[in-house]
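The values are calculated or read from the model by the stated rules, or taken from the named source; none is laboratory data. Nothing here was measured: the structure is a model prediction, and the numbers come from that model. As a convention, Cβ positions derive from the backbone with ideal geometry for all residues, glycine included, and neighbour counts pool all protein chains shown.
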Amino acid sequence: MKMPKLSLTIISVAFACCPIAWAEEECDKASSNSDYPTSARVDYVIGCMASNGQTHEMMQKCSCSIDLIAKAIPYDEYVHISTLLSLQQMTAAGRNAVYKSSTWSQKAIAKLRDVQADSTLRCF
């Protein structure tokens with residue numbers, strides 16, 4: 001009996017958390033201890049793949065990366081930092097200028113960058 005394509009896709013996504021055997025346990029723990037919605041994880045993985053390559057291997061590495069980020073940073077804080085990053089990309093005029101120069105916004109973004117660097121070392 002021939003298996004439908006959709007089932008194969010679901011199976012491959014279900015096993016795509018971590019590509020490296022030594023990181024699988026960490027990613028499993030990260031996935032189970034997180035309250036990140038699927039849409040946030042997918043958004044991160046799509047952005048990561050756009051920057052690093054659109055391969056199955058890269059999808060696994062990017063998935064591992066967001067799992068480790070989710071383990072280190074609560075979702076509400078992640079949303080806050082993502083908003084700060086968006087505001088920093090805008091032209092510094094008016095109200096958003098404070099987000100480019102304030103120490104507290106730079107510290108929040110630095111925290112995410114540190115966690116991303118750690119996840120890069122572990123997953124890539």
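Provide a single number: the residues in the stretch 54-72 that are over 13 Å from ARG41 (Cα atoms) and touching a helix residue (DSSP H, G or I) at 6+ places or on another chain (Cβ under 6 Å).
We begin by selecting, within the stretch 54-72, every residue over 13 Å from ARG41 (Cα atoms); these are 54-58, 72.
Now drop any that are not touching a helix residue (DSSP H, G or I) at 6+ places or on another chain (Cβ under 6 Å), which leaves 58, 72.
Total satisfying the criteria: 2.
Would you mind stating whether ALA30 is surrounded by 12 or more Cβ atoms within 10 Å (Cβ to Cβ), of a type in the set (Gly, Ala, Ser) and modelled with pLDDT of 90 or more? Give the derivation first.
On the way: surrounded by 12 or more Cβ atoms within 10 Å (Cβ to Cβ): yes; of a type in the set (Gly, Ala, Ser): yes; modelled with pLDDT of 90 or more: no.
For ALA30, the condition - surrounded by 12 or more Cβ atoms within 10 Å (Cβ to Cβ), of a type in the set (Gly, Ala, Ser) and modelled with pLDDT of 90 or more - is not met.
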